[in-house]
Amino acid sequence: MLQLVSKSGAYPGQAWPIVETPLVFGRDPSCTIRLNDPIVSRFHCRVNLQDHHACLRDMDSRNATLVNGLPVREAALQPGDEIAIGDSIFLVTEVHEANIHTTRKASKLDETSALKINIPIYSSTSGDSLFRKGTPHTTQELVHLFSFGRALSRASTTTQLAATLQQHIKEQFTPTTLWLVLHDTEEQEPLIIADDQAIPLHDDTVLYGHVLQSIEDKRSLLFPQIHGAGNSKSVKTTIVSPVVLGQKSLGALVAQVHSPERIYEESDLEYLIAHAYALAPYVRVAKRLERLEVENKRLVAGIAHNSSIVGDSPALSIVRQQTRDVARSRLSVLILGETGVGKDLVARMVHDLSDLSEKPLVIINCAAIPDELFESEVFGHEKGAFTGAHAAKKGLIEESNNGTLFLDEVGDLSLANQARLLHTIETGSYRRLGGSAMLQAKVRVVAATNKKLEDEIKTGRFRRDLYHRLNGFELHLPALRERRSDIPALAEHFRKQAVKRDKHGPSGFSAEALHSLERHSWPGNVRELRNLIERAMVVAKHKQIETGDLGLNDDTALPDSFTPLADMERQHIKEALRRSNGNVPKAAGILGIGRSTLYRKISEYNLTESYTKK
């Protein structure tokens, strides 16, 4: 025979047999079980036997009747079912006739898992476990979850989310301690956010290990433990619900309470799971908003991590703006410039400012890999592909999959390797050396060279089709002599780097030393300046670096008074356009540069009215 036992509400522990005569629930005084609850209807629902089966029928209540957390109109009842009417919960149990009027308060734990101290209870992976339901039990719980979701929608940072959790979950669970553990697979240690310090969770190594296991396995946890010692012993119970979105575990909600105030059971864990379900998308959104805020600051500053280019000259500002623009696209980028100007830094900026910044950036120094090893290094090889190939090896292409591939000094590649690389860039497919399986790689290509590829094409040393494949967007990094106003800032940057590394050194430069640096022609560009400053830091004997510490050759110095190179270049371009009647291809021929370079220079020097678009 079945009976209803009150788990919570106005009649805790009382029981009623389910017979043919209906048990009517509601606020009206005539109801069999009167519930003085404002969210309960006057005649809310009824339970009775129909054809020897226990049935529930909702009586068009305003706030619904819940069976096992779901609103129903009619339902067949089975032992273990929970009926929620307003803030009251009734449990369907099976009893012998002699025990119909028992008043023992039932616990959901009697119907599921028995609690054992220091033995964690993990949810089943089958999907049928009570741990995985995450359903509210009463109408008030539904109302609270709605309020909880509305509050979460107003939070835009993880800190604000944590504050919302503290307020709402403490109202429902009255925990001794509440932790939000956020787990990022790219970070070694999870981030623990709590109203107090995270130390108690870290110090409880057993519990902390179970929390991490819960996050990894995406399984909920109920864990009772002994707390204290001697006469002060008590029980602390912890409930853990992973915060899961899709197939990714973002972290966990952890609530802990000490007896005798309260002991958590599985129904509490189910309700915590419901909160974790509501929280998960907001955690993802908050983390993305925080990441976007960081990226926005990078974009405004024009820097990206350690890949920043020092200086604020007009020429460099143009490069920085162009880098920001192209980084947002997936175009291939060709970076041109003399040796030592910092083309690798620009390549890193392109990667760091793009949506691939969290993906790998793999650098291939085309000038440093011998031709006979290029295929093995770049495409990988299978075991036994050649003498000494004792095991299969991934190539650099494979390591850069879904990220950025930087081809440094691409102009030094042999024609045979250019052909191999072109096929992979165009099709996204390749084979390892000695292998037959066709592999796929999706990469963004950034290339750099100090050579004039158009001249290399004319002499047959570089493939035209590869050039056009790489040159989706051209960035020209000016030589140091073209941005002399950046020299003091660069010199100070390298000085600070040396002091940070060596923990000592001069505190600055004399005015004469800076003047000498600005007059030098810098054939080795920024790399030469860095080496010179590092040497000066070693030989300097005073608080400041003096001219004699630099060891500059005066034969390479520029005159104190001269026409800026940018002005000279502008005049040359303007004169070439005048002689060619504004025909850009002819003007480019006169100047000995490519058309794309000339178009860029025309835009840079605002000479758009001086040429005819042909």
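The values are calculated or read from the model by the stated rules, or taken from the named source; none is laboratory data. This structure is a prediction, so every number in the text was calculated from the model and none was measured. Note that each Cβ is placed from the backbone with ideal geometry, even for glycine, and that neighbours are counted across all protein chains shown. Accessible surface areas use protein heavy atoms only, side chains included; no ligands, DNA or RNA. Shrake-Rupley method; radii C 1.70, N 1.55, O 1.52, S 1.80 Å.
Quick look at the numbers
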read-out	value
Residue match in segment 48-62 (condition: closer than 24 Å to residue 270 by Cβ and open to solvent by 30 Å² or more (accessible area, probe 1.4 Å))	no
Pair list, Cβ under 9 Å, 6 or more apart: segment 390-404 residue without any contact (Cβ under 8 Å) to a residue 60 or more places away in the chain and among the polar types (S, T, N, Q), other residue exposed (fewer than 14 other Cβ atoms within 10 Å of the Cβ) and in a strand (DSSP E or B)	401/440
Residue selected from segment 329-345 under the condition among the charged types (D, E, K, R) and part of a loop (DSSP other than H, G, I, E, B), by the criterion least open to solvent (accessible area, probe 1.4 Å)	338
Pair list, Cβ < 7 Å and 6+ apart or interchain, from segment 438-454 residues that are on the phi < 0 side of the Ramachandran plot to residues that are open to solvent by 50 Å² or more (accessible area, probe 1.4 Å) and among the hydroxyl-bearing types (Ser, Thr, Tyr)	450/339
Search result, residues across segment 137-170 that are in contact with a helix residue (DSSP H, G or I) (Cβ under 6 Å, 6 or more places away or on another chain), among the aromatic types (Phe, Trp, Tyr) and either closer than 15 Å to residue 285 by Cβ or open to solvent by 10 Å² or more (accessible area, probe 1.4 Å) (or both)	none
Residue in segment 211-218 that is farther than 14 Å from residue 180 by Cβ and more than 20 Å from the chain's Cα centre (by Cα) present	yes
Lone qualifier among 240, 244, 235 - being of a type outside the set (Ser, Thr, Tyr), at pLDDT 90 or above and either within 23 Å of residue 262 (Cβ to Cβ) or out of contact with any Pro (no Cβ under 7 Å at 6 or more places or on another chain) (or both)	240
Pair list, Cβ under 6 Å, 6 or more apart: segment 181-192 residue open to solvent by less than 30 Å² (accessible area, probe 1.4 Å), other residue modelled with pLDDT under 80	181/190; 181/192; 182/191; 192/198
Residue in segment 460-467 that is at positive phi, surrounded by 13 or more Cβ atoms within 10 Å (Cβ to Cβ) and either at pLDDT 95 or above or among the small types (Gly, Ala, Ser) (or both) present	no
Among (1) open to solvent by 70 Å² or more (accessible area, probe 1.4 Å); (2) in a strand (DSSP E or B), the one test that residue 30 misses	(2)
Segment 405-450 - residue that is polar (S, T, N, Q) and touching a Cys at 6+ places or on another chain (Cβ under 9 Å) and, of those, surrounded by the fewest Cβ atoms within 10 Å (Cβ to Cβ)	417
Which numbered condition residue 214 misses (of (1) modelled with pLDDT of 80 or more; (2) surrounded by fewer than 23 Cβ atoms within 10 Å (Cβ to Cβ); (3) farther than 30 Å from residue 88 by Cβ)	(2)
Extreme residue, modelled with the highest pLDDT, among residues of segment 63-108 that are among the aliphatic types (A, V, I, L, M) and open to solvent by 50 Å² or more (accessible area, probe 1.4 Å)	76
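For (1) within 30 Å of residue 466 (Cβ to Cβ); (2) of a type outside the set (Val, Ile, Thr); (3) modelled with pLDDT of 90 or more; (4) open to solvent by less than 50 Å² (accessible area, probe 1.4 Å), each residue gets a yes or a no:
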position: 280; (1), (2), (3), (4): no, yes, no, yes
position: 287; (1), (2), (3), (4): no, yes, no, yes
position: 294; (1), (2), (3), (4): no, no, no, no
position: 299; (1), (2), (3), (4): no, yes, no, yes
position: 304; (1), (2), (3), (4): yes, yes, no, yes
position: 310; (1), (2), (3), (4): no, no, no, yes
position: 321; (1), (2), (3), (4): yes, yes, no, no
position: 347; (1), (2), (3), (4): yes, yes, yes, yes
position: 350; (1), (2), (3), (4): yes, no, yes, yes
